[in-house]
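The values are calculated or read from the model by the stated rules, or taken from the named source; none is laboratory data. What you see is a predicted model, and the numbers here were worked out from it, not measured in a lab. Note that we place each Cβ from the backbone using ideal geometry, even for glycine, and neighbour counts take in every protein chain shown. Only protein heavy atoms, including side chains, enter the accessible area calculation; ligands, DNA and RNA are left aside. Shrake-Rupley method; radii C 1.70, N 1.55, O 1.52, S 1.80 Å.
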Amino acid sequence: RGAKTLHLRMKAHGTNALAVAQALERSAHVEDVIYPGLASHPRNDLAYASLAPHALKFVQAQQSTGGFAYGGMISFRIKGGEAQAEKFLTSTKLFTLAESLGGVESLAEHPARMTHGSIPEADRALLGISGNLIRLSVGVEDVDDLVHDVEQALDVAAATL
């Protein structure tokens, strides 16, 4: 994970994350997607304005509809509750369950039970950390494989509703 390849990895993270975020946004099994690169995100304009010059150049060259690559982290709320979140997380094939996110591989976590599990439920609710919240760190694997993995895991989780 050297600095020499950082720019390549960040482009792949962002491009893949945008595709996954758009797939999540299209899904009937998802309540909400939190990814500032999505055109539908309430702070999309602010996210765009915050891009560094080299990132802006990359984004402008992509000419993507519906958003732009903005890092590899996505949060979303799956329809249902904690049971559906758990089923999603145990049904992915490419996303590995982990608390420490940000590697080149795709990782997923359940904040209510993992990183924020020690916070009282009432306080988590104030922070928007519900049982159906899932965080994804989208890696550099093949984008079509990642989208397919998320879609099949959503289908499996939705079957438990």
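At-a-glance table
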quantity	calculated
Computed over the chain: relative contact order in percent, which uses C-alpha pairs under 8 Å that are six or more apart	30 percent
Anchor LYS11: lysines whose Cα lies under 26 Å away (excluding residues fewer than 8 positions away in-chain)	LYS57, LYS93
Per DSSP, loop GluC sites (Glu not before Pro) in the range 84-113 with at most 16 further Cβ within 10 Å	GLU99, GLU105
P(r), alpha carbons of the chain - 10 Å bins starting at zero, rounded %	11, 40, 35, 13, 1
Sum of -39500 (n - 2.57) over DSSP H runs of 4+, divided by residues of the chain (222 nm, nearest 500)	-13500 deg cm²/dmol
On Cα atoms only, tilt of 6-26 relative to the major axis of the chain in degrees	50 degrees
Euclidean distance of C-alpha centroids, the range 37-61 and the range 97-156, integer Å	23 Å
The range 1-142 - accessible surface per residue (Å², probe 1.4 Å)	53 Å²
Equivalent ellipsoid, the range 83-161 (semi-axes from 5 times Cα gyration tensor eigenvalues, Å)	23, 16, 8
Within the accessible area of the range 1-128 (1.4 Å probe), percent carbon and sulfur	55 percent
By accessible area with a 1.4 Å probe, ligands and nucleic acids excluded, highest first: order of MET73, MET10	MET10, MET73
